[in-house]
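Below is one structure, written out as structure tokens; comments come after it.
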Amino acid sequence: MTSVDLASRLGRTVLYQIYPQSFADANGDGIGDLAGITDRLDYLAWLGVDALWLSPCFVSPFADAGYDVADFFRVAPRYGTNEDMARLTEEAGRRGISVLLDLVAGHTSDQHPWFRASADDPDDHRFVWSDVPVEGFQPGLGARGGYYRPNFFPVQPALNYGYARPDPAEPWRQPVDAPGPLANRAALRQIMAHWFDLGVAGFRVDMASSLVKDDPGHLETGRLWHETRAWLDDAYPGRVLISEWGDPRVAVPAGFHVDFFLQFGGDDDGLPFRSLWNNGAGTVNPSWGEVPAWAGADGTGDARTFVDAWRAAADAIAATGRGGVVGLPTSNHDFTRLVAGARDAEQARVAHVLTMTWPALPSVYYGDEIGMRYVPGTPTLEGSRLSPTYDRAGSRTPMQWGDLPADRFGPGSPATSTYLPQDPDPARPTVAGQVDDAGSLLRLVRDLIALRHDDDRLDAAATIEVLTTAYPLAYLRGGTLAVVLNPGRAAVRLPLDGAAGARPLVSRGLRLEAGDDGRGVVHLDGHGYAVLDLDMPEPHRPAG
């Protein structure tokens, strides 16, 4: 696979998200950079990932950690240069790894030249302006006066893609085909083409559902992305678009190759994803309420909410006839890591097995493969704090490389960013401490990635039959590959045809036996898991 031929292999692709300022610092200035990522490509190739997604690395004042873009066509100096980006895509491609960038499509920084020009020109409608105060709008500071609509922070003016329901009485609600919205659609393509020509394989689109305003059912937003996808397939075949939408049932049919389940999105505000991992530690939104996590040691959750939402999304994607994949991340830069609060790295193993064996595109957030934790008390930095209980900095701490020797996976130590303080726990996990330990979490994740690549039954398009959804969660992939997962602390058992003679491919805390009726029984210790090759021609169902 070359760096620009990703679309045809999404069913077996494993994505790895890098927060660039925290990953690896090549020049010693304390901030991770593109050269540091390039230096660590051998590690990522050893791990087996197929594609990298970099959080925003464009020129920015960094009021929101780069999600406030001041120049979409240039790499921020703290990360390097456009030439460094071209070298990264070239070197990654040599290792069979694609590079995806984060496209902030809905807004800019208030320091972007587009916005400064618009603030001085009443005939410029690239942003949403009103001559009179409107709730939620911010006062303009240019010669134009007036008020502009921000998307999130006040320093992030919303690009104008129009309103699905214009209203002459509210002239800021322009139609989607007005000159300003059309100019912004054209600019999206110009930005993408610029980076595609430097070897980038695709984009993860930030807040992809938010472009057209007041858009019930996202109908106009969907049309926008349909048009963009048609252009992409024609002009840059093989490239991909992944959305931050949080509702793959809607987003993939709207034109994206992949949409992630996230901690927000859809009619239930991200409940399917949160019902798997969220344990009330780290980033906490009080409106979520108390929902037991399936990946909890107390065994009070259930994966049924996730399974049902995935099934609805998979059916909607299949109905389009165009293909597409649901995305399932371990975590991300906006949410609590798997290891947080009472959940330790040993308990998180089961979550990794689910992520790598479910019919979805798995995304590993940097450091989750070694069990990095959400670090409480991490200082707020560059807009990380969204509320008193929701500070994302604890999920953005430096990658924990440890004392790696030179040439093992690039330069030797130090390669640690000081963008944020490192986890102060002296027992913090490191790559160096796990890479040669066959029983480590890192080696488990590597083995799972290899298994996903090698076994056709783990392709996202392969069949799944869900047998149980609680403790254990059990399912069959491709008819003959059984996955049995027990995140709880109590031991569990599952009668399963063919289990007695099954071949364990990946397992922990597993015991197989023949039942009294001749059927097999799977026994799992607390926090145990098993991927079993039943190697039988017919689909199998649990006994009893």
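The values are calculated or read from the model by the stated rules, or taken from the named source; none is laboratory data. Just so it is clear, the model here is predicted, and its values are computed rather than measured. So basically every Cβ, Gly included, is an ideal-geometry build from the backbone, and we count neighbours across all protein chains shown. The area values use the complete protein model at the heavy-atom level, side chains included, leaving out ligands, DNA and RNA. Shrake-Rupley method; radii C 1.70, N 1.55, O 1.52, S 1.80 Å.
Restricting the search to region 505-531, which residues are part of a strand (DSSP E or B), open to solvent by 60 Å² or more (accessible area, probe 1.4 Å) and either of a type in the set (D, E, K, R) or closer than 12 Å to Ala482 by Cα (or both)? Even if it seems obvious, please write down each step before you answer.
Initially, region 505-531 is screened for residues part of a strand (DSSP E or B), giving 505-514, 520-531.
Now drop any that are not open to solvent by 60 Å² or more (accessible area, probe 1.4 Å), which leaves 508, 511, 513-514, 525.
Those that are part of a strand (DSSP E or B), open to solvent by 60 Å² or more (accessible area, probe 1.4 Å) and either of a type in the set (D, E, K, R) or closer than 12 Å to Ala482 by Cα (or both): Arg508, Arg511, Glu513, Asp525.
Can we say Ala500 is free of Cβ contacts under 8 Å to residues at least 60 places away in the same chain, aliphatic (A, V, I, L, M) and open to solvent by 40 Å² or more (accessible area, probe 1.4 Å)?
Numbers: free of Cβ contacts under 8 Å to residues at least 60 places away in the same chain: yes; aliphatic (A, V, I, L, M): yes; open to solvent by 40 Å² or more (accessible area, probe 1.4 Å): yes.
Spelling it out, Ala500 is indeed free of Cβ contacts under 8 Å to residues at least 60 places away in the same chain, aliphatic (A, V, I, L, M) and open to solvent by 40 Å² or more (accessible area, probe 1.4 Å).
Out of the residues in region 93-121 that are of a type in the set (Gly, Ala, Ser) and part of a helix (DSSP H, G or I), which is nearest to Pro154 (Cα to Cα)? Lay out the reasoning, then the answer.
Applying the first criterion (of a type in the set (Gly, Ala, Ser)) to region 93-121 yields 93, 96, 98, 105-106, 109, 117-119.
From what is left, the residues that are part of a helix (DSSP H, G or I) are 93, 117-119.
Values: Gly93: 39, Ala117: 18, Ser118: 16, Ala119: 14 Å.
Step by step, filter region 93-121, then rank; the result is Ala119.
When you scan region 31-43, do you find a residue that is charged (D, E, K, R), part of a loop (DSSP other than H, G, I, E, B) and within 19 Å of Asp206 (Cα to Cα), even just one? If you could, list the steps in order and put the result at the bottom.
Residues of region 31-43 that are charged (D, E, K, R), as a first pass: 33, 39-40, 42.
Subsequent filtering for residues that are part of a loop (DSSP other than H, G, I, E, B) retains 33, 40.
Adding the requirement that they be within 19 Å of Asp206 (Cα to Cα) leaves none.
No; the residues of region 31-43 include none that is charged (D, E, K, R), part of a loop (DSSP other than H, G, I, E, B) and within 19 Å of Asp206 (Cα to Cα).
Kindly indicate which of Ala281, Ala297, Ala314, Ala293 is crowded, with 20+ Cβ neighbours inside 10 Å and in a loop (DSSP other than H, G, I, E, B).
Numbers: Ala281 fails: crowded, with 20+ Cβ neighbours inside 10 Å; Ala297 fails: crowded, with 20+ Cβ neighbours inside 10 Å; Ala314 fails: in a loop (DSSP other than H, G, I, E, B).
The match here is Ala293.
Looking only at residues in region 165-185 that are outside any loop (DSSP other than H, G, I, E, B) and of a type in the set (A, V, I, L, M, F, W, C), which one is farthest from Asp124 (Cα to Cα)?
To start, the set of residues in region 165-185 that are outside any loop (DSSP other than H, G, I, E, B) comprises 179-185.
Pick out the ones that are also of a type in the set (A, V, I, L, M, F, W, C) and you get 182-183.
Numbers: Leu182: 12, Ala183: 10 Å.
For region 165-185, the residue satisfying everything is Leu182.
One line per residue, one yes/no per condition, for (1) open to solvent by less than 10 Å² (accessible area, probe 1.4 Å); (2) under 29 Å from Pro405 (Cβ atoms); (3) not in a loop (DSSP other than H, G, I, E, B):
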{"residue": "Asp25", "(1), (2), (3)": "no, yes, no"}
{"residue": "Tyr67", "(1), (2), (3)": "no, no, no"}
{"residue": "Gly80", "(1), (2), (3)": "no, yes, no"}
{"residue": "Glu91", "(1), (2), (3)": "no, yes, yes"}
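Cβ-Cβ under 7 Å, sequence separation 6+ or interchain: first residue in region 229-245 and under 15 Å from Val325 (Cβ atoms), partner charged (D, E, K, R) and assigned to a helix (DSSP H, G or I). Which pairs?
Every condition considered, the pairs that remain are Leu241/Arg229.
To keep it simple, each residue is scored yes or no on (1) under 15 Å from the mean Cα position of the chain (by Cα); (2) open to solvent by less than 10 Å² (accessible area, probe 1.4 Å).
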position: Gly341; (1), (2): no, no
position: Gln347; (1), (2): no, no
position: Pro359; (1), (2): no, yes
position: Ser363; (1), (2): yes, yes
position: Asp368; (1), (2): yes, yes
position: Pro376; (1), (2): no, no
position: Leu381; (1), (2): no, no
position: Leu386; (1), (2): no, no
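Going by the structure shown, is Val435 in contact with a His (Cβ under 6 Å, 6 or more places away or on another chain), of a type in the set (Val, Ile, Thr) and open to solvent by less than 10 Å² (accessible area, probe 1.4 Å)?
Values: in contact with a His (Cβ under 6 Å, 6 or more places away or on another chain): no; of a type in the set (Val, Ile, Thr): yes; open to solvent by less than 10 Å² (accessible area, probe 1.4 Å): yes.
Against the criterion (in contact with a His (Cβ under 6 Å, 6 or more places away or on another chain), of a type in the set (Val, Ile, Thr) and open to solvent by less than 10 Å² (accessible area, probe 1.4 Å)), Val435 does not qualify.
Looking at Pro253, is it open to solvent by less than 20 Å² (accessible area, probe 1.4 Å) and either within 21 Å of Trp53 (Cβ to Cβ) or over 15 Å from the mean Cα position of the chain (by Cα) (or both)?
Details: open to solvent by less than 20 Å² (accessible area, probe 1.4 Å): no; either within 21 Å of Trp53 (Cβ to Cβ) or over 15 Å from the mean Cα position of the chain (by Cα) (or both): yes.
Against the criterion (open to solvent by less than 20 Å² (accessible area, probe 1.4 Å) and either within 21 Å of Trp53 (Cβ to Cβ) or over 15 Å from the mean Cα position of the chain (by Cα) (or both)), Pro253 does not qualify.
Output yes when any residue across region 441-448 is within 21 Å of the chain's Cα centre (by Cα), closer than 28 Å to Gly66 by Cβ and buried (at least 18 other Cβ atoms within 10 Å of the Cβ), and no when none is.
Taking region 441-448 first, the residues within 21 Å of the chain's Cα centre (by Cα) are 441-442, 444-448.
Among the residues that remain, those that are also closer than 28 Å to Gly66 by Cβ are: 442, 445.
Keeping just the survivors that are buried (at least 18 other Cβ atoms within 10 Å of the Cβ) gives 442, 445.
Looking for residues that are within 21 Å of the chain's Cα centre (by Cα), closer than 28 Å to Gly66 by Cβ and buried (at least 18 other Cβ atoms within 10 Å of the Cβ), one finds at least one in region 441-448, hence yes.
Among all residue pairs at least 6 apart or on different chains, which show Cβ distances below 7 Å where the first residue, located in region 306-326, is closer than 11 Å to Val250 by Cα and the second is open to solvent by 40 Å² or more (accessible area, probe 1.4 Å)?
Correct list of pairs: Ala312/Arg249; Ala313/Arg249; Ala316/Arg249.
List the pairs whose first member sits in region 123-142 and is open to solvent by 80 Å² or more (accessible area, probe 1.4 Å), whose second member is in a loop (DSSP other than H, G, I, E, B), and whose Cβ atoms are under 6 Å apart, counting only residues at least 6 apart or on separate chains?
Once the first residue is open to solvent by 80 Å² or more (accessible area, probe 1.4 Å) and sits in region 123-142, its partners that are in a loop (DSSP other than H, G, I, E, B) give Asp131/Gly146.
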